[in-house]
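A quick write-up on the structure given underneath.
All of the numbers you see were taken from the coordinates with simple rules; none came from a lab. Small disclaimer: the values here were computed from a predicted structure and weren't measured. Cβ atoms come from the backbone with ideal geometry, glycine included; neighbour counts cover every protein chain shown.
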Amino acid sequence: MTKKVVISFPDGEASRPLIYELIKKYDIMVSIIKADIDGGRRGKLVLELDSDSDHIAQAIDFMQKSGVDVSPLEKKISFDDSKCVSCGACTSACPSGALSIGAPDWKLRFQPDKCVVCKLCITACPLKLFKIEFAD
Ligand code: SF4
Ligand code: SF4
């Protein structure tokens, strides 16, 4: 299974080798989706954890017990496709490939499973068709 989580480091803890510990101790494949670290002191990471559910639960427990705040990535992007004119402005802004335009119809295609909730499409769309929502 995969699980996306937001990791918040307390002050002075952001340089610790957390990713190494998750891989080594809990056999988890870790993808860094976003990183916002302030000079190695504090910050946030958005991670995708890929392993079986027991290992993921143990890893989250380990992080929480060691003072790192872990919360599920609970936001998602929604999109009003009825008004889209397929201008492509959002596809240029999207870093993950969740938005694309191509043959045969050259209409915008949105793949929510690829979205990393960076929110760049919200400002990129001239018609303001994207909005952020809490996930189910
Ligand atoms: S939020 Fe970011 S990743 Fe998701 S569709 Fe918009 S630009 Fe792409
Ligand atoms: S920028 Fe807006 S109108 Fe243009 S393709 Fe993207 S969603 Fe559609």
Paired Rg and Dmax values of the chain, which use every Cα atom, in angstrom: 17.4, 52
Relative contact order computed over the chain (Cα-Cα under 8 Å; 6+ residues apart), in percent: 24
Using distinct alpha-carbon pairs, which all enter the 1/r mean, Kirkwood radius of the range 75-134 in Å: 11.4
Computed lengthening from residue 123 to residue 1, 0.36 nm per intervening residue step minus Cα-Cα distance: 40.7 nm
Built amide H within the under 5 Å cut-off of residue 34, gap 5+: 46
Assigned charges on the beta-carbon of Lys, Arg, Asp, Glu; the chain dipole about Cα centre (debye): 460
Selection from 31, 19, 110 lying farthest towards where the dipole of the chain points positive, charges on Cβ: 110
Hz values of 3J(HN,Hα) by residue in the range 61-72 - Karplus curve (6.51, -1.76, 1.60), Gly and Pro given as x: 4, 4, 5, 5, 5, 9, x, 9, 7, 10, 9, x
16 Å cut-off, amide nitrogen to a point 7 angstrom out along residue 50 Cα→Cβ, residues in the range 99-125: 113-116
Square roots of five times the Cα gyration tensor eigenvalues for the range 2-72, Å: 19, 12, 10
